1. Just check region A:187-296 against the gyration tensor rule for me: Cα atoms, a ≥ b ≥ c as the square roots of the eigenvalues, rounded for a/c under 1.5, and otherwise prolate or oblate depending on whether a/b exceeds b/c.
2. At a Förster radius of 35 Å, what calculated FRET efficiency corresponds to the Cβ-Cβ distance of residue A:278 and residue A:130, to the nearest 0.05?
3. Below 8 Å between Cα atoms, with a sequence gap of 6+, how large is the relative contact order for region B:213-283 in percent?
4. I want to verify a result. In a Gaussian network model of chain B, Cα cutoff 10 Å, which of these has the top mean-square fluctuation: B:31, B:116, B:79?
5. Shape call for the protein assembly as shown from the C-alpha gyration tensor, a ≥ b ≥ c root eigenvalues: rounded (a/c under 1.5), prolate (a/b greater than b/c) or oblate?
6. Tell me whether region A:1-137 comes out rounded, prolate or oblate; compute the Cα gyration tensor, take square roots of the eigenvalues as a ≥ b ≥ c, and use a/c under 1.5 as the rounded threshold.
7. With chain A treated as a Gaussian network of Cα nodes joined by springs under 10 Å, which of A:191, A:209, A:90 yields the largest mean-square fluctuation?
8. Post the alpha-carbon centroid distance, region A:22-59 to region A:188-202, in whole angstrom.
């Protein structure tokens, strides 16, 4: 089955009210928000990615979902496949750093043995508190689309990792992304909708618009690119907006809201459906691929 | 690393107070208990186990931990590797039945793609409420050791599954075990310690004694065996007490407590350390293997 078919089938099972119809990135459980992510070797990370970076990314992928709810991390649970001692030790060191940096203690978990040669499959479940918890579906016609930070650094960093050499700043953006927790807490109370950008700016913007029953238009010239990205990949934003691994936040704000801090207005929601792009005010065709489909 | 080494290393990371030092089968999060389990194809279930039974067992393994806390299931999160359509459909059907039978709705989850030929790795995280939440470490010298139901049916059912034929009742005990939720709620308020028996009666009894800083003695003649088990495997309890997959509850009760319902007194806690066995009041040597180590 495809992921969409499987999730549609899950929606016909007995659902908890906090599941919100399985339409959001985090569930509600009392005063907590909960999100879970599985990373698979060879699918979500490279076999030669350092183990400490895999630990970091595993946690950050979930903390990024908490950030999109404006939540404070309460802790994480870890499901871990035991491996070679050197890999396990490096994983633990990366995990230790990540949990300390983001003040996110370990709550529990499970460790398992794997058959020889099987790819590593790691799961983290993250809990957040004090969430304003905007959904991805609350954008209103006339809202502006904002994004935190810069876009494309993670995708360019993946290219650097695959090439084996390149700018350290981009490699770090891919291997040690930072969840936008402070930005999330600042934006959540004023956002009509918010989600993280994990699969690519275009596909995730389209998903927010679709969930909200609206169309969205993005001005490609407005998409914030870092100096490191421009130096490595050039000034064309198209590779940046279709790449994953950014873990920035995307939010819909009323037109009179101008958030303080590092966010950029890149588009507008309107009645209708679908995604459209402009450059210099002129419509631009959509690329064939909007982003990654495999990790919605 | 071994599982014990890895968990010892995890204890040096930042821990949530609800993690209880990672010494228990479930964590506390506000008024919830939380437990997570990963099942790996070829390790925790057979490749030819029906998908619906794998779904059932995945959920029940975690609900059994909730039962040991005397908790009412609040819901589960699922991390699922997409597979062939027929397997996915059968999994969903088994999941649907299980969630309905145990009144345990789906809260959320994640679906992932797997590399071709990789073993299936499934994770469930279960939440329970209203838990009396006895730990596994609270047994006191003089307490009696009690077990619910009968022991050995799951292990005998695994033998039936491997052989390809045999008594249906045993196969059902292996493939569709039932979490002892009602028994757990009845026992939790009076138990000094409680845990589920997933890896074998002997190893899990030894673990409860070790966690409580005590010795435990088990009368093998007292271990409850089902008629189906006796007819298939004979009257020797030794294979039963070293087999896994029972998902009964094990608890330490003060000597004046006699629980109503289906529980049997099988042993006594005393000052000291270690596990000892008797048969007809006479000491019996321990078997070489006390149970399964791979899924503590």
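Any read-out appearing in this document is the output of simple, stated calculations on the displayed coordinates, not a laboratory observation. Please read all numbers here as calculations on a predicted model, not as lab measurements. Reconstructed Cβ throughout: ideal geometry from the backbone, glycine too, with neighbour counts over all protein chains shown.
1. Taking the square roots of the gyration eigenvalues as a ≥ b ≥ c, region A:187-296 is rounded.
2. The formula returns an efficiency of 0.40 here.
3. 70 percent
4. Judging by the Gaussian network model, the answer is B:116.
5. prolate
6. It comes out oblate by the Cα gyration axes.
7. Highest fluctuation of the listed residues: A:90.
8. 17 Å
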